[in-house]
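Novice: There's a structure below that I have some questions on.
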Amino acid sequence: MLITRSLTFSYDHRATFQFPDISLEAGTDLLILGKSGIGKTTLLHLMAGLLSPGTGHVELMGTELQTLSPAKLDRFRGRHIGLVFQRPHFIRSLSLQENLALVQYLAGKRQDKARSQQVLESLDITHKRYDRPHLLSQGEQQRATIAMAVLNNPQLILADEPTSSLDDTNCLNVASLLKQQAATTGAQLVVITHDHRLKAHFQNSILL
Amino acid sequence: MNIVKLGYKNIADRPLSTLLSLLLLTLGVGMIALLLQVNRHIQQQMENNIRGVDMVVGAKGSPLQLILSAVYHIDAPTGNISLHEAEQLRKNRLVAAGIPLSYGDSYKGYRIVGTDHQYPELYKAPVSNGRLWQEPFEVTIGATIAQNLGLQIGDTFMGTHGMGEGSEIHDEHPYQVVGILGYANAVIDQLILTATESVWEVHHHEEEKSENHPGEENHAHEEADEKHSETTAHDGTPGEEREITAMLIRFRSPMAMIQLPRMVNENTNMQAAVPAYEINRLFNLLGVGVDTLSTIALVIMAVSGLSVFISLYNALKDQQYEMALMRTYGATRWQLVWLVLQEGLLLAGLGFLLGILFSRVGLLLISGLMEARYHYSFSGGEIIREEWQLLVASLVIGLLASLLPAVRAFKINISKTLAYD
């Protein structure tokens, strides 16, 4: 259950972003559409606890993010929120498998090889597990970054422009993969994008 | 996977800058450790050898040369002194003991020293095999010589005039090995000991030969080391004209230190030198060189610290996004700080280990060189106290070098870093 209430944020005092209230049941998804510069990424960072709002609050599973200490917030994020970024990023010095192990370690979870194996298989990149992820093809990188986001069975998956640099086929793939992964772990999926191609794939959408 | 392993992977992922940092650290640590070890070994050897020798008397000349030749057997003798005069001094009530030494000949580079049985006692060198010499031309050899030349009891050999191997051979008087000493870890391990009479007799015959063939005199005497002293005994006047090269003196009381050296230098034809004082002087002379080298090594270590810093700082610039990413996966600020510090410490620790390895290889090489040249060898490369301090210094350098990058890692703005990439 994700709830945001009367969120505002300002980078400086001249312009303040105001965001609509969001209330999302478990197992549902939400597409947030909007043009560039309207504060989409800011909203996503607020929901992930990467930024603290000027006013209002974010609540995930009954926990209000703003009440957590910085270290606890980091742990909470690692355990309960999976992030997918526009351009995939990894720890360059590690192989894909080691990246996944690190994600488990940082969330304070057991380093479960079977679980990472399962995720890799569901995304069909098992054969790339010993490769450095930044050397994979773009489609593989996008799948690898989804693997890292869903590995710890998060309650909330936040995706920031996951498809904007992809062609139509890959766009479709990523959208269905995200929905499928969210469904397997019973997570709420929030996708923020300016990419209208995605509109057809989501039940709920709001326009910023 | 954990932070330590990630740090190691990160370092391995930038091999060039890691190599440069390690190379500089290795050189700095290695040079300092090598200097420390060489210094320690030389000092140990030097001190081991002057134990029980309060003063050395020999012919007038350089006191340092007298000490180097009479105590350490690494320089040419200053000349000869009258045995009679030396005996007079030995009878002085302030003198507890005096050990006569007559040297100048050698066998395969090892010195043959005519002396009495007090000499092996001085170094507490036990007879490990056979016995001490009794008759002229019987010799008891040091442990290192026995090992290196493979000499055994009953073997005979000819002495060579002077120290060079190509010099004239005293072929009329073969020496016979009657005993082998155990290791004393002192100069005695490298000496061939015999009775003073042997040396007298060798050169007595020499004189006769020279008198018989006056034309050969130049050849016999001047070709050898110019400082080489003949230990001679002239016919018919035993005692009075007999000469030795030097005498090691032990005092009965500290009082003697004040009186005896001055007395000898002013009232006799001999020179007195105090080993402790001369060695101190030698170390002060060497100290300038050692100080210069340590300064260079310290500068290298400082540069290595800078190199570690630049390496980590550049890496952090590239890894800014990775750090932010790790935060989104649940890493705390302190985990990132620890990651950066730990990379610096790992480099420093690794550099220290390689440096110590480097110094030990250097020590081995120097030891081999010393062994071949001076018949001195170093043994034992255990970590000494100063090297533990060096480890601490290396780690402090690693820590300092990673401090600023660590602060930056702590202060990373995740949202901004993620948004502007």
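The values are calculated or read from the model by the stated rules, or taken from the named source; none is laboratory data. None of the values given here were measured: they were computed from a predicted structure. Positions of Cβ are generated from backbone atoms using ideal geometry, with glycine treated the same way; all protein chains shown enter the neighbour counts. Heavy atoms of the whole protein, side chains included, go into the accessibility calculation; ligands, DNA and RNA do not. Shrake-Rupley method; radii C 1.70, N 1.55, O 1.52, S 1.80 Å.
Novice: Within the range A:70-84, which residues are more than 7 Å from chain B (Cβ to nearest Cβ) and either of a type in the set (Val, Ile, Thr) or crowded, with 23+ Cβ neighbours inside 10 Å (or both)?
Specialist: A:Ile81, A:Gly82, A:Val84
Novice: When you check A:Gly54 against the structure, is it closer than 22 Å to B:Tyr420 by Cα and surrounded by 23 or more Cβ atoms within 10 Å (Cβ to Cβ), yes or no?
Specialist: No: the conditions fail for A:Gly54.
Novice: Still on this structure, I have one more. Does the range B:286-303 include one or more residues that are modelled with pLDDT under 85, within 30 Å of B:Asn80 (Cβ to Cβ) and either outside the structural domain of B:Gly79 (by TED's automatic domain parsing) or open to solvent by 60 Å² or more (accessible area, probe 1.4 Å) (or both)?
Specialist: yes
Novice: Give the residue that is nearest to A:Thr185 (Cα to Cα), with candidates limited to residues of the range A:98-136 that are at the interface with chain B (Cβ under 9 Å from one of its Cβ atoms) and of a type in the set (S, T, N, Q).
Specialist: Looking at residues that are at the interface with chain B (Cβ under 9 Å from one of its Cβ atoms) and of a type in the set (S, T, N, Q), I get A:Gln104.
Novice: Which of the residues belonging to the range B:272-285 are of a type in the set (A, V, I, L, M, F, W, C) and loosely packed, with under 13 Cβ neighbours inside 10 Å?
Specialist: Answer for the range B:272-285, where residues must be of a type in the set (A, V, I, L, M, F, W, C) and loosely packed, with under 13 Cβ neighbours inside 10 Å: just B:Leu285.
Novice: Just wondering, is there one or more residues in the range B:44-67 that are within 14 Å of chain A (Cβ to nearest Cβ), open to solvent by 30 Å² or more (accessible area, probe 1.4 Å) and either of a type in the set (Ser, Thr, Tyr) or in a loop (DSSP other than H, G, I, E, B) (or both)?
Specialist: No, every residue in the range B:44-67 fails to be within 14 Å of chain A (Cβ to nearest Cβ), open to solvent by 30 Å² or more (accessible area, probe 1.4 Å) and either of a type in the set (Ser, Thr, Tyr) or in a loop (DSSP other than H, G, I, E, B) (or both).
Novice: Which one of A:Leu120, A:Leu60 is closer than 30 Å to B:Ile11 by Cα and crowded, with 20+ Cβ neighbours inside 10 Å?
Specialist: The conditions single out A:Leu120.
Novice: Just to verify a result, which residue in the range B:272-328, among those that are over 38 Å from the mean Cα position of the chain (by Cα) and of a type in the set (D, E, K, R), is farthest from the other protein chains (Cβ to nearest Cβ)?
Specialist: At the first step, the residues of the range B:272-328 found to be over 38 Å from the mean Cα position of the chain (by Cα) are B:310-328.
Next, only the ones that are of a type in the set (D, E, K, R) stay: B:317-318, B:322, B:327.
Working: B:Lys317: 13, B:Asp318: 8, B:Glu322: 5, B:Arg327: 6 Å.
Going through the qualifying residues, I end up with B:Lys317.
Novice: Output the strands (runs of 3 or more DSSP E) that fall wholly within the range A:52-167 and possess 3 or more residues being of a type in the set (A, V, I, L, M, F, W, C), or say none. Break it down stepwise before answering.
Specialist: Values: elements: A:55-60, A:81-84, A:156-160.
Because the criterion is at least 3 residues that are of a type in the set (A, V, I, L, M, F, W, C), the strands (runs of 3 or more DSSP E) in the range A:52-167 that meet it are A:81-84, A:156-160.
Novice: Report yes if B:Val308 is more than 30 Å from A:Arg75 (Cβ to Cβ), outside the structural domain of B:Glu87 (by TED's automatic domain parsing), open to solvent by less than 20 Å² (accessible area, probe 1.4 Å) and β-branched (Val, Ile, Thr), otherwise no. It would help to see each step written out before you state the result.
Specialist: On the way: more than 30 Å from A:Arg75 (Cβ to Cβ): yes; outside the structural domain of B:Glu87 (by TED's automatic domain parsing): yes; open to solvent by less than 20 Å² (accessible area, probe 1.4 Å): yes; β-branched (Val, Ile, Thr): yes.
Spelling it out, B:Val308 is indeed more than 30 Å from A:Arg75 (Cβ to Cβ), outside the structural domain of B:Glu87 (by TED's automatic domain parsing), open to solvent by less than 20 Å² (accessible area, probe 1.4 Å) and β-branched (Val, Ile, Thr).
Novice: Among the residues of the range B:104-137 satisfying the criterion of being among the charged types (D, E, K, R), within 25 Å of the chain's Cα centre (by Cα) and over 19 Å from B:Ala186 (Cβ atoms), which is most open to solvent (accessible area, probe 1.4 Å)? So that I can check it myself, show each step before the final result.
Specialist: Going through the range B:104-137, the residues among the charged types (D, E, K, R) turn out to be B:105, B:108, B:111, B:116, B:121, B:124, B:131, B:135.
Applying the additional criterion that residues be within 25 Å of the chain's Cα centre (by Cα) yields B:105, B:108, B:111, B:121, B:124.
Add one more test, that the residue is over 19 Å from B:Ala186 (Cβ atoms), and what stays is B:105, B:108.
Values: B:Asp105: 9, B:Lys108: 103 Å².
Ranking the qualifying residues of the range B:104-137, first place goes to B:Lys108.
Novice: Do we find that A:Asp112 is within 26 Å of B:Lys9 (Cα to Cα) and surrounded by fewer than 17 Cβ atoms within 10 Å (Cβ to Cβ) in this structure? Break it down into steps so the answer makes sense when it comes.
Specialist: Working: within 26 Å of B:Lys9 (Cα to Cα): yes; surrounded by fewer than 17 Cβ atoms within 10 Å (Cβ to Cβ): yes.
Spelling it out, A:Asp112 is indeed within 26 Å of B:Lys9 (Cα to Cα) and surrounded by fewer than 17 Cβ atoms within 10 Å (Cβ to Cβ).
Novice: I would also like to ask the following. B:Val308: touching a Phe, Trp or Tyr at 6+ places or on another chain (Cβ under 9 Å) and farther than 30 Å from B:Gly114 by Cβ, yes or no?
Specialist: Details: touching a Phe, Trp or Tyr at 6+ places or on another chain (Cβ under 9 Å): no; farther than 30 Å from B:Gly114 by Cβ: yes.
No, not satisfied.
Novice: Quickly run through the range B:343-357 and pick out the residues that are surrounded by fewer than 23 Cβ atoms within 10 Å (Cβ to Cβ) and more than 14 Å from chain A (Cβ to nearest Cβ).
Specialist: B:Leu345, B:Gly349, B:Leu350, B:Leu353, B:Leu354, B:Ile356, B:Leu357
Novice: One residue is enough: does the range B:9-30 have a residue meeting the conditions under 30 Å from B:Ala184 (Cα atoms), open to solvent by 40 Å² or more (accessible area, probe 1.4 Å) and more than 14 Å from chain A (Cβ to nearest Cβ)?
Specialist: no
Novice: Please name all residue pairs, on different chains or six or more residues apart, with Cβ atoms under 6 Å, provided the first residue is in the range B:339-352 and is β-branched (Val, Ile, Thr) and the second residue is in a helix (DSSP H, G or I).
Specialist: Within 6 Å, the pairs are B:Val340/B:Ser402; B:Val340/B:Pro405; B:Val340/B:Ala406; B:Val340/B:Ala409.
Novice: Out of all the residues in the range A:1-51, which are closer than 24 Å to A:Thr184 by Cβ, of a type in the set (S, T, N, Q) and part of a loop (DSSP other than H, G, I, E, B)?
Specialist: A:Thr28
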